[in-house]
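Novice: Here it is: the structure, laid out below.
The numbers here are math on the coordinates, done by the rules we state, and not lab data. Keep in mind that this is a model prediction, so the values were computed, not measured. Note: ideal-geometry Cβ built from the backbone for every residue, glycine included; neighbour counts use all protein chains shown.
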Amino acid sequence: MKVMKFGGTSVGSPERMKSVSSLITQSGEPTFVVLSAMSGTTNSLIEISDYLYKKNPEGANEIINSLENKYLKHADELYTTDEYKQKTKEFLKEEFNLLRSSTKDLFTSFEEKCIVAQGEIISTTMVVNYLNEIGIKAVLLNALDFMRTDKNSEPDPQYIKEKLEELMVANEGYQIYITQGFICRNAYGEIDNLLRGGSDYTASLIGAALNAEEIDIWTDIDGMHNNDPRVVDKTEAVKQLNFEEAAELAYFGAKILHPTCVQPAKYASIPVRLKNTMSPDAEGTIINNVLVKGKIKAVAAKDNITAIKIKSSRMLLATGFLRKVFEIFESYQTPIDMITTSEVGVSMSIDNDSHLTDIVDELKKYGTVTVDTDMCIICVVGDLDWSNLGFETIVLDALKDIPVRMISYGGSNYNISFLIKEIDKKQALQNLSNVLFNN
Ligand code: ADP
Ligand code: ASP
Ligand code: MG
């Protein structure tokens, strides 16, 4: 079994849905397909929810109506027979009536998650109907029947595996299974999701549950580039990445992959291939267990970072001090990304500043606290084992004109990270590309 995941742009129009269908059928082997919502739809569904939170049903209805018109037009373009046009339009009518019904009552995060889930429910139904119309035996398995998170909002791999196997047995005889990315149920059985970009995570969890031979992530670019193509000129696709390297890049901002999507594939040792739907013959990137010795592979950046420094004149790092500091972050469910320490102080960086004021108030009990906002983590990834000589000099030299607030190395053998001001990000990424990849 092979897993193929197609992102929003890959299913972004009736034409693209046809191309995706042909890529699925060309593979010629049993395939489990994960689809995102059509590009732009999840954003529109979030906009609808925002209007409803603000008790503005007119604003919500305006978006619902224009989205419905767009989808009805897509149905006319995608299907050739009246039977499938009708069938899909009836399904769309039900979907949009469901959205309209949310504009009447009390609106909470429960209703929001239900609304946001409809993008993937619509795209998968449209593609399955198209495959069936052209005579392909494909079946839709509802992700809400097997994809589940636990009380810590972490996926529950045992439950996913059991339920998925049951569903596959109940639907024996199909070569193509299709499901929704992103959406799931939580520990209380409510509709939930795996956060923005979460369809990659769905694909990786399914690949691990089915012990797939490969997980292919199809997107709108020819693989993981050696730097952020939205910021830097002349980036290039990296042919191969180790699981650890890919995980660091995804976590530290390479948007092509959801931050945690590499983990399930890594633990199950299933190779992940990144491919371009617009250019299917391009080689793409393979992510596997192989480690190329001594090579720096890529650079990524994570925005919206806040740095917090706590400084005391006393012997700060006495036993138990770091535990107290970490407990403050833990009690506000705020993960720390980078950390550096000295005799008198500790600096940490966080990307979730929703409890910043409370955290700072509590930290003040232990010393003077300084906060720097609008910062950015630059992460250089590759085989950076400490026995490899000289890479620190090369990387630091590339950043010699940029003020660096923190440096972190040694937490993993695959990454060296720098905290800089967000306004210096473009320059830092470009300098690193020039020095490391001869741009
Ligand atoms: P999908 O909708 O298929 O999930 P995404 O928009 O989530 O696609 O991810 C693909 C985009 O990620 C690319 O279009 C590119 O702009 C962006 N991106 C950011 N960093 C990188 C990188 N290092 N390599 C490739 N793409 C990247
Ligand atoms: N549709 C969801 C989003 O836009 C999930 C995904 O595309 O991966 O975030
Ligand atoms: Mg994505």
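Novice: Answer yes or no as to whether residue 42 is touching a residue at least 60 places away in the same chain (Cβ under 8 Å), away from ligand 2 (no atom under 16 Å from the Cβ) and crowded, with 18+ Cβ neighbours inside 10 Å.
Specialist: Judged against the criteria, residue 42 is not a match.
Novice: Just the residues that are of a type outside the set (Val, Ile, Thr), out of contact with any Cys (no Cβ under 7 Å at 6 or more places or on another chain) and crowded, with 18+ Cβ neighbours inside 10 Å, please, taken from the range 272-302.
Specialist: Pass one, the range 272-302, residues of a type outside the set (Val, Ile, Thr): 273-276, 278-284, 288-289, 291, 293-295, 297-298, 300-302.
With out of contact with any Cys (no Cβ under 7 Å at 6 or more places or on another chain) added as a condition, the list becomes 273-276, 278-284, 288-289, 291, 293-295, 297-298.
Of everything in the range 272-302, those that are of a type outside the set (Val, Ile, Thr), out of contact with any Cys (no Cβ under 7 Å at 6 or more places or on another chain) and crowded, with 18+ Cβ neighbours inside 10 Å turn out to be 273, 274, 275, 276, 284, 288, 291, 297, 298.
Novice: Looking at this structure, is residue 198 within 16 Å of ligand 2 (Cβ to nearest atom) and in contact with an Asp or Glu (Cβ under 8 Å, 6 or more places away or on another chain)? First the steps, then the outcome.
Specialist: Values: within 16 Å of ligand 2 (Cβ to nearest atom): yes; in contact with an Asp or Glu (Cβ under 8 Å, 6 or more places away or on another chain): no.
No, not satisfied.
Novice: Kindly indicate the residue of the range 157-215 that is more than 16 Å from the chain's Cα centre (by Cα) and of a type in the set (Ser, Thr, Tyr) and also nearest to ligand 3 (Cβ to nearest atom) among those meeting that condition.
Specialist: Only one residue fits best here, namely 179.
Novice: Related question: Of 39, 10, 49, which residue is in a helix (DSSP H, G or I) and either aliphatic (A, V, I, L, M) or at negative phi (or both)? Break it down stepwise before answering.
Specialist: Details: 39 fails: in a helix (DSSP H, G or I); 10 fails: in a helix (DSSP H, G or I).
The conditions single out 49.
Novice: Let me ask something additional. Any residue at all in the range 66-82 that's within 24 Å of residue 106 (Cβ to Cβ), touching a residue at least 24 places away in the same chain (Cβ under 8 Å), away from ligand 1 (no atom under 16 Å from the Cβ) and in contact with a Leu (Cβ under 6 Å, 6 or more places away or on another chain)?
Specialist: Checking the range 66-82: not a single residue is within 24 Å of residue 106 (Cβ to Cβ), touching a residue at least 24 places away in the same chain (Cβ under 8 Å), away from ligand 1 (no atom under 16 Å from the Cβ) and in contact with a Leu (Cβ under 6 Å, 6 or more places away or on another chain).
Novice: Let me ask you something else. Could you grab me the full set of residues in the range 277-305 that are of a type in the set (Asp, Glu) and more than 17 Å from residue 239 (Cβ to Cβ)?
Specialist: As a first pass, look at the range 277-305 and keep what is of a type in the set (Asp, Glu): 281, 283, 303.
Within the range 277-305, 303 is the sole residue that qualifies.
Novice: Here's a follow-up. Wholly within the range 117-198, which strands (runs of 3 or more DSSP E) include no fewer than the required count, namely at least 2 residues that are free of Cβ contacts under 8 Å to residues at least 40 places away in the same chain?
Specialist: Details: elements: 138-140, 176-180, 183-185, 191-193.
Output list reads 138-140.
Novice: Something else: When you scan the range 229-345 for strands (runs of 3 or more DSSP E) that lie fully inside it, which ones turn up with 3 or more residues that are of a type outside the set (Ser, Thr, Tyr) and closer than 30 Å to residue 8 by Cβ? Reasoning before the result, please.
Specialist: On the way: elements: 240-242, 272-276, 285-288, 296-311, 338-341.
Of the strands (runs of 3 or more DSSP E) lying wholly inside the range 229-345, those with at least 3 residues that are of a type outside the set (Ser, Thr, Tyr) and closer than 30 Å to residue 8 by Cβ span 240-242, 272-276, 285-288, 296-311.
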